[in-house]
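Read through the structure below, which is laid out as structure tokens, and then see the notes.
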Amino acid sequence: GGTVHLDDVRFSYDNGATWVLDGVDLDIRSGECVCLIGPNGAGKSTLARLVAGLAAPDSGSVRLLGCAVFGDDGPHAESYRTARRGIGAVFQNPEDQIVTTVLEDDVAFGPENLAVERDEIGRRIDSALQCVDLTDLRMADPTRFSGGQQQRAAIAGMLAMHPRLLVLDEPTAMLDAASRAEVMAVLDTLHASGTTIVHVTHRTEETLHADRVLQLEDGRIADVSPGKSAAAI
Ligand code: ADP
Ligand code: ADP
């Protein structure tokens, strides 16, 4: 069960000379908000890509949204495609995630690719923009937005695809304090509404909103949630 299930996952960029992920076990339940922390180069982005269905491990097993995407017999391309339809991913650089010069077109891009019907796309744009508080900028040019507005636009684009899982890889890394607060407020709203969230961050204050805080170090995961004693891991 669960939204994400990783069992003994290993991942290497150099054919096993060094293991970025060296036996990772991870279970994330529906509706949970999990923060992933760890030193630079620990493999957080790599793990985020695996959890988003954007990369496959070298070995282990991976289930995403109930789809067995990777197992003993390797990757299951069809299951990857199915799982990815239910997963939204947001990355560090806000500018890279803007694809048009009209916000509503940007938000429509994802659901259009999923062949969602036109009226339904309109409704999804309304509610996604409302959620990220960008309704007033619906016809504005997102390439001219602040970084915080662009990240909220990127999140709206994901929400319009009705993801069951949202994976965010340091979405506030390039933002100033005010913009970071805007993005965190959106994540809090989504968490409260039951969206499953995996949030990579290196900012301690951003882990406060998580149900669980996991630390990646030496290729493995430890639960470092406040109040969690070493014996309980
Ligand atoms: P983090 O997100 O925790 O900083 P990454 O997942 O980005 O960690 O990287 C983990 C390790 O893998 C680092 O040593 C990094 O240099 C290396 N790495 C990341 N991406 C690649 C890549 N495309 N090719 C080769 N090595 C990579
Ligand atoms: P599409 O053809 O719709 O783009 P694919 O099934 O070809 O979908 O996979 C696209 C992405 O999904 C890849 O970039 C990869 O990250 C992941 N993936 C799917 N199948 C594999 C696979 N056989 N090996 C590695 N990664 C895979």
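Protection proxy ranking, highest mean first, for peptides 75-81, 50-56: 50-56, 75-81, where packing is the per-residue count of other beta-carbon atoms within 10 Å, averaged. Using a probe of 1.4 angstrom and keeping all protein chains present, the accessible surface of the stretch 137-233 works out to 45 square angstrom per residue.
For the stretch 170-216, what class follows from the C-alpha gyration tensor (a ≥ b ≥ c being the square roots of its eigenvalues): rounded when a/c is under 1.5, otherwise prolate if a/b is larger than b/c, else oblate? Present the calculation step by step, with values, prior to reporting the outcome.
On the way: a/c = 2.00, a/b = 1.12, b/c = 1.78.
It is oblate, given that a/c is not under 1.5 and a/b is not larger than b/c.
Taking a sphere under 12 Å around the Cβ of MET184 and counting the other residues whose Cβ falls inside, with K and R at +1 and D and E at -1, yields a net charge of -1. Here the calculated FRET efficiency for MET174 and ASP126, from their Cβ-Cβ distance with R0 = 30 Å, stands at 0.60, rounded to the nearest 0.05. Taken along the Cα-to-beta-carbon direction at a fixed 7 Å, the label points for ASP223 and ALA181 span 3.3 nm.
Per residue, the accessible area of the stretch 1-91 comes to 45 Å² when a 1.4 Å probe rolls over the protein heavy atoms. Helical content alone sets the calculated 222 nm signal of the chain at -9500 deg cm²/dmol, taking -39,500 (n - 2.57) per DSSP H segment of four or more residues and averaging over every residue.
Can you send over the carbon and sulfur percentage of the accessible area for the chain, probe radius 1.4 Å, protein chains only? Answer for the chain: carbon and sulfur cover 47 percent of the accessible area. Once C-alpha pairs closer than 8 Å and six or more residues apart are averaged by separation and normalised to the residue number of the chain, the relative contact order reads 27 percent.
Peptides 39-46, 106-113, 182-189 ranked from most to least packed give 106-113, 182-189, 39-46, packing being the mean of other C-beta atoms within 10 angstrom over each peptide's residues.
The order of the peptides 66-74, 86-94, 169-177 by mean Cβ neighbours within 10 Å, most packed first, is 86-94, 169-177, 66-74.
The values are calculated or read from the model by the stated rules, or taken from the named source; none is laboratory data. Computed from a predicted structure; not experimentally measured. Neighbour counts are summed over all protein chains in view; Cβ atoms, including those assigned to glycine, are modelled from backbone coordinates with ideal geometry. Quick note on the areas: whole protein, heavy atoms, side chains included, nothing else; ligands and nucleic acids left out. Shrake-Rupley method; radii C 1.70, N 1.55, O 1.52, S 1.80 Å.
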